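Asks: I am attaching a structure below and will ask some questions about it afterwards.
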């Protein structure tokens, strides 16, 4: 692996992410529901577990994960915007009436009563939750309205408008409590804003993919009691909040209405244990009575590379042009995007990858190198990326550290 320090842009973005984290912790977010839930205290509990993990792995050899990026990912703000930054002020009563009326007019007649139930539950939720959820609905409304005005149509439905799509999605949560409604909105947001994310460099790609994986880890906790609807809904909302800052999850603070539905005093769901589970993994773990055994993979350099390789292979196509993995829902790493990371026209953009990729292209993508391999089926589009490629990228953007713990950084002027 080529020893490489994060590029200046990344160091600046990481410093900004740390400032945002400090500001959020200083706000001391908390909510009352069967006890006091304080997100700052949860963060420090999880950090103590992370620090203990670092100590246990001090003697590990080879590249190490930069675990400071969990809470302060330099690119998270590009694809995981805080709704309170998008809309600093609460949705006004006039704006909320506009949104409600527009969604009611766009809804199918058979969905109208269900939609009204959802909007009623939002209006009756506790003040902090109500403010946040209304902002999230407003964001979807503004997105749908802009898309309809541009004549683009719905993303996932075959007919109707984008407003109709939003109204339909909201109405499907009519039997759920406010925590379930928030989860339903989150799933729709992921499909809308996640699919719309256009990364500008490979660092943003890595950030997006690992953020997806962290949320998938949270959702995996539903497998402990998959047939308990209340548990499935609430465990995601509760852990999303308690791990919001320590795992760098997308979203914003929003009180959880019914945390007692997951047996929240169980130590297995404490921030410390959740952090340990994310880092170390576990096999056959349960929550006790009536719990299914669940496996959690450890977060390692090899696993991170496997996630990135899956994103690359998700763009592979068969001879007839169809995607080999049409069910893949994450970010796809395309031929053009990788080329743009390496080259600026015919000139190297990246000093290490650029010349090698240029030679690879000039060979008709048939000559293997340390970073690029020909496609196994002869298709230029399906060229492969090596482990060394990913180690270089991860070090370039700071997601792994090539130095041993305690190794002083090189001086600014060089070695």
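Every number in this text was worked out from the coordinates using simple rules, so none of it is lab data. In this text, all values refer to a predicted model and were calculated from it rather than measured experimentally. For neighbour counting, all protein chains shown are included, and Cβ atoms are generated from backbone atoms with ideal geometry for every residue, glycine included.
Asks: Based on the Cβ-Cβ distance of residue 90 and residue 386, what FRET efficiency does E = 1/(1 + (r/R0)^6) give at R0 = 41 Å, to the nearest 0.05?
Replies: The calculated FRET efficiency here is 0.20.
Asks: For a test of the definition: using alpha carbon positions, the gyration tensor, and the 1.5 limit on a/c, classify the stretch 49-181 as rounded, prolate or oblate.
Replies: Prolate shape, in that a/c is at least 1.5 and a/b is the bigger ratio.
Asks: Using the Cα gyration tensor of the stretch 355-394, with a ≥ b ≥ c the square roots of its eigenvalues, what is the shape: rounded (a/c below 1.5), prolate (a/b larger than b/c) or oblate (neither)?
Replies: Judged from the Cα gyration tensor, the stretch 355-394 comes out oblate (a/c at least 1.5, b/c at or above a/b).
Asks: Measure off 7 Å from each Cα along the Cα-to-Cβ vector at residue 346 and residue 157, then give the distance between these two points in nanometres to one decimal.
Replies: 5.1
Asks: A further question follows. Binning at 10 Å from 0, report for the stretch 302-401 what percent of all alpha-carbon pair distances ends up in each bin.
Replies: Computed distribution, short to long bins: 15, 48, 32, 5, 0.
Asks: How far, in nm, would the chain grow between residue 26 and residue 53 when pulled straight, counting 0.36 nm per residue and subtracting the alpha carbon separation?
Replies: 7.2 nm
Asks: For each of 342, 205, count neighbouring Cβ atoms within 10 Å of the residue's Cβ, then give the residues from fewest to most.
Replies: So the ranking, lowest neighbour count to highest, is 342, 205.
Asks: While we're here: Summing -39500 (n - 2.57) over the DSSP H runs of n ≥ 4 in the chain and dividing by its residue number, what mean residue ellipticity at 222 nm do you reach, to the nearest 500 deg cm²/dmol?
Replies: The helix contribution divided over the chain gives -15000 deg cm²/dmol.
Asks: Let me ask you something else. Quick one: go through the stretch 68-87 and flag any residue whose amide nitrogen is under 19 Å from the point 7 Å out along the Cα-to-Cβ line of residue 41.
Replies: none
Asks: Let me ask you something else. In degrees between 0 and 90, to the nearest 10, how far off the longest principal axis of the chain does helix 301-313 point, with axes built from Cα atoms?
Replies: Here the helix axis deviates by roughly 80 degrees.
Asks: I would also like to ask the following. The list (1) 63, 51, 43; (2) 69, 50, 46; (3) 57, 45, 34 gives values of Cα extents along the principal axes in Å, and only one came from this structure; which label was calculated from it?
Replies: The listed entry that was calculated here is (1).
Asks: Note the angle between two axes, namely the Cα long axis of helix 178-189 and the longest principal axis of the Cα atoms of the chain, as a number of degrees from 0 to 90, rounded to the nearest 10.
Replies: The angle comes out at about 40 degrees.
Asks: What does the convex hull of the alpha-carbon atoms of the stretch 1-85 project to on average, in nm²?
Replies: 7.8
Asks: If you don't mind, there's one more thing I want to ask. Over the alpha-carbon set of the stretch 222-293, divide Rg by the Kirkwood Rh and report the Rg/Rh ratio to two decimals.
Replies: Here Rg/Rh amounts to 0.94.
Asks: Oh, and also: With a point put 7 Å past each Cα toward its Cβ, work out how far residue 219 is from residue 267 in nm, to one decimal.
Replies: 3.1
Asks: Take the Cα of residue 328, step 7 Å along the line toward its Cβ, and report every residue of the stretch 273-307 whose backbone nitrogen sits under 16 Å from that point.
Replies: Under 16 Å, as judged by backbone N against the label point of residue 328, lie 304-307 of the stretch 273-307.
Asks: Something else now. Compute the helix-to-body angle for 127-149: its Cα long axis versus the longest principal axis of the chain, expressed 0 to 90° and rounded to tens.
Replies: 70
Asks: With r as the distance between the Cβ atoms of residue 362 and residue 260 and R0 = 60 Å, compute the FRET efficiency 1/(1 + (r/R0)^6) and round to 0.05.
Replies: So, using R0 = 60 Å, E works out to roughly 0.40.
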